[in-house]
Structure formats: C-alpha cells, structure tokens
Amino acid sequence: MAKRDPYAALRFKEFNIFLLLRFILVFGWSMQFIIIEWQVYTLTKDPLSLGIIGLMEIIPAFSMALFAGHIVDQSEKRNLLLKCIGLFSLISFGLFFLTSPSVEADWSSKTILYTIYAFVFMGGLLRAFFGPTIFSLVALIVPKKAYPNAATWNSSTWQMASMLGPALAGFTINWIGVHWSLCIVFGLVVLSFILLFGISRKPILNPKIGEPIMQSLKEGVRFVFKTKAILGALSLDMIAVLFGGAVALLPVFAQDILEVGSEGFGVLRAAPAVGAFITMLITAYIPISKNAGLKLLAAIFGFGVCIIVFGLSSIFWISVVALFFSGVTDGVSMVIRQTILQLKTPDHMRGRVSSVNSMFVGSSNELGAFESGVTAKLMGTVTAVVFGGTMTLITVITTGIVSPTFRKLDLEKDLDAHETQD
C-alpha cells in the first residue's frame, strides 16, 4: 500500500481558508460557552443551572436536526453557512449587551439568567444547521481520496480551537471581565463571516431537489440504521458522551472543590482539548484505520477511566492530567468516527447523515451536561462524575461482548478504494 500524504487536504487553498474560519468560529463559540457557564454559576451557585444550559441547547438542536439536514441537502452550502454565521453574530452581540453594566444594574439576576437561557436556546436552533452544513461543505472542497486526511485536520482544528477558546476565556474573565470577553467573541464571529467569502459557491449534488420532506427524512434515517459501522460508532460515542459529561461540572470543581479560580477553570477546560489535539496531529502521520473497531472500544474505555480519576481527585495537577488523557482517548474516538462518516456517506445524503450524527453525539454533549447537573444535585458532584465514568465502562464492555462485527471493523479497504478514485 502506498504511503499516504499527511498534508493531502492542506494542498487545496479553499480547505486552508475553511480551516482558518472554522478555527475562529469554534474558538469564539467555545469561548462564549465557557463565559456563559461562569456567569450562570456566578449568578446561581447551583450546579443544576449548568445542566439547564445544556438542556436549553439540546431541545432545539435535537428537535430541528433532521429538518436541518433536509434543508442542507437541498441548499447551496457556502451561502447557507453565511446565513448561519450571520445569525450567530446577532446572538453573540445579544449576550455582550446582556452583560453590560447598565443591564446588570437595571435588571434582576433572575431576568438576566432567563434571558441567557433564551439566547442559548436560539443558539441551539442555529447549531442544528451548523454541523450538517460544515460536514457537507468539506466534501465539496477536497476530492474523495483526501477525505480521511481532511477529517483529521478538520477535527484537529476543532480541537485546537476548543482548547484555546476556553483557556483564553478563563484568563479574559479575570483580566477584563465577562462583558468585554463577550465583545471579543462577537469580533471573532464577524471575522469568520468575512473569511467565508474566500470560498466559492458549490454545486448542489442532490438529484432529488424538491423531494417531499418526510420522504427525505426517512431516507436519511433508514440509511444510518442500515449502515452498521455508522450506527455502531454513533451509538457507542453517544453513550460515552452522555454519561461522561464531567466537563459541564468544571465550574463547580474550579470554584468549590479544587478552589483554583477562573484561570484554573480555563486550564481544566482546555486540558481535554490539548490531549485530543495532540492525538489528532499524530493520526495525520500514523493512521488508525486498521482494526478501527477495537481501537474505538479501547479509546472510549480509557475515556471512562479518566473521568473516574478526575472525579475522585482533589489535587489540581492530577485533575488536569486526567482531563488531558480523557482528551487523548476522545481524540482517537473522534477521528475514527469522522472517518467512518466521510467514507461511508453518499454526497447527496451528507446533510441528513450529519444531522443524525448531531442527534446521536452532538446533542448528547448537552444532554450529558443536563444529566451531570441533575445527578450532581441528587448525588453530589463527585459521586455524579464517578457514576458517569462507570456507566461508560459498562457500555464499552457490553458493546464489545454483544457486537463481534463491530470489534472486527477495519477501514483500510475503504481508504484504499477511495485513493484509487479521482
């Protein structure tokens, strides 16, 4: 087998522009989410309020996911992403205004809290369109033979932005406060909007333009459920993320358990993304497609162990190391899952399949945040995190026993087949 080019996708100009604007966009989005978490917990001192943030985002994101996938498959991707970023800029500006000194002086804490939830809800509606649009646009920028490499660099960019955004948020909250930190977010979103004009409009590859929406949605769901590799990867990752959502409780650990303040909070929040980013850079040079099923099971098992260690730790550096290695294992999981999706999804169904992915995995982040908030309220914060990690281990062991086909999943043949195309 010929040696694969670790920079294959980066040799396309539009893909580099895409990576830059996605970095800026995700950097701003993750920074905004961390600032909101900090502000909400500061207002309430209630871990359940952090779970409600997740609930306010998952309800619209999950409810709109399939419909959004249908719209994406029927639309021109570049202009649709422009509309999404434009609307996101309005939400960012709204949060910036909401945290201004004049509003805080005139509005009650409860009114501010509920308005924050309202903006998060609107962001959830918008997020239903972001994932499918971005996933579909990537496939139109690079040729099929570069899909796996593009998935690696795309995921690496996402992780780097997710790493640096929270870290900067922790520092800027301390340096310039919540209000001006959100001003930075607004500026980043506007910049990503401008950069998107560097990518040309793309053709619509769906041969069924104008297809009835219910028929379109059924076709997308049917495809996912009959493609065992996709269904298995999504299901396993969904359960792991659902029960391993310890990150949602980091403000509690930072303020009340580890007592490390906003800067320590930023470090804790960035640690998983650092681990995942390093893993993804390595996978650009050392592909992990061979024995992908076993590697995915091992990675998610390791993720569960790291979550348990983090929950039991009362020492800052041990907590940071545990979160770092949770990111390492999550990075392996993400690369394998994205490669499976890119290789096994037809061009005309990318929006709908990505929407199902967001329902399984993306929305489970917020549902996991809600689950963590509820269990922390009922069991206590530490017990809730350990419980989540334990459930992840049980899920992996059960999947490995009952699904020998998934254990044997290997993507080498799919990669070789795509390298002979174009």
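Odds and ends about this structure:
- Qualifying residue in the stretch 70-82 (condition: of a type in the set (S, T, N, Q), part of a helix (DSSP H, G or I) and closer than 18 Å to ILE204 by Cβ): yes
- Check on LEU168, out of contact with any Ser or Thr (no Cβ under 9 Å at 6 or more places or on another chain), part of a helix (DSSP H, G or I), open to solvent by 40 Å² or more (accessible area, probe 1.4 Å) and closer than 30 Å to THR283 by Cβ: no
This table checks each residue for (1) over 20 Å from the mean Cα position of the chain (by Cα); (2) of a type outside the set (Ser, Thr, Tyr); (3) more than 24 Å from ALA8 (Cα to Cα).
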| site | (1), (2), (3) |
| --- | --- |
| PRO148 | no, yes, no |
| ALA161 | no, yes, no |
| ILE173 | yes, yes, yes |
| VAL185 | no, yes, yes |
| LEU195 | yes, yes, no |
| ARG201 | yes, yes, no |
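- Listed by position, the helices (runs of 4 or more DSSP H) enclosed by the stretch 309-418 that each have at least 1 residues that are open to solvent by less than 10 Å² (accessible area, probe 1.4 Å), modelled with pLDDT of 80 or more and in contact with a Gly (Cβ under 6 Å, 6 or more places away or on another chain) are 316-344, 350-357, 381-402.
- Among the conditions (1) open to solvent by less than 40 Å² (accessible area, probe 1.4 Å); (2) farther than 30 Å from ILE141 by Cα, PHE243 misses just one, which is (1).
- Residue within the stretch 16-30 that is within 17 Å of GLY368 (Cβ to Cβ) and either open to solvent by less than 50 Å² (accessible area, probe 1.4 Å) or at pLDDT 90 or above (or both) present: yes
- Members of the stretch 188-233 that are closer than 19 Å to ALA139 by Cα, touching a helix residue (DSSP H, G or I) at 6+ places or on another chain (Cβ under 7 Å) and among the aromatic types (Phe, Trp, Tyr): PHE223
- Pair list, Cβ under 7 Å, 6 or more apart: the stretch 46-72 residue under 21 Å from LEU378 (Cα atoms) and at pLDDT below 85, other residue open to solvent by 40 Å² or more (accessible area, probe 1.4 Å) and among the charged types (D, E, K, R): PRO47/LYS377; LEU48/LYS377
- Matching residues, the stretch 47-71, being open to solvent by 40 Å² or more (accessible area, probe 1.4 Å) and not polar (S, T, N, Q): LEU48, ILE52, LEU55, MET56, ILE59, PHE62, MET64, LEU66, PHE67, ILE71
- Residues of the stretch 286-308 that are open to solvent by 60 Å² or more (accessible area, probe 1.4 Å) and not hydrophobic (A, V, I, L, M, F, W, C): PRO287, LYS290, ASN291, LYS295.
- When the stretch 253-267 is filtered for residues that are of a type in the set (A, V, I, L, M, F, W, C), touching a residue at least 24 places away in the same chain (Cβ under 8 Å) and crowded, with 24+ Cβ neighbours inside 10 Å, the ones remaining, listed by number, are PHE253, PHE265.
- For MET163, the conditions (1) assigned to a helix (DSSP H, G or I); (2) at pLDDT below 90; (3) open to solvent by 50 Å² or more (accessible area, probe 1.4 Å) are fulfilled apart from (3).
- Per the listing LEU234, LEU217, LEU249, the residue uniquely touching a residue at least 60 places away in the same chain (Cβ under 8 Å), of a type outside the set (Gly, Ala, Ser) and either open to solvent by 10 Å² or more (accessible area, probe 1.4 Å) or not in a helix (DSSP H, G or I) (or both) is LEU217.
The values are calculated or read from the model by the stated rules, or taken from the named source; none is laboratory data. All values reported here derive from a predicted model rather than from experimental measurement. Please note: Cβ atoms are built from the backbone with ideal geometry, for glycine as well, and neighbour counts cover all protein chains shown. Protein only, heavy atoms only, side chains kept; ligands, DNA and RNA dropped before computing areas. Shrake-Rupley method; radii C 1.70, N 1.55, O 1.52, S 1.80 Å.
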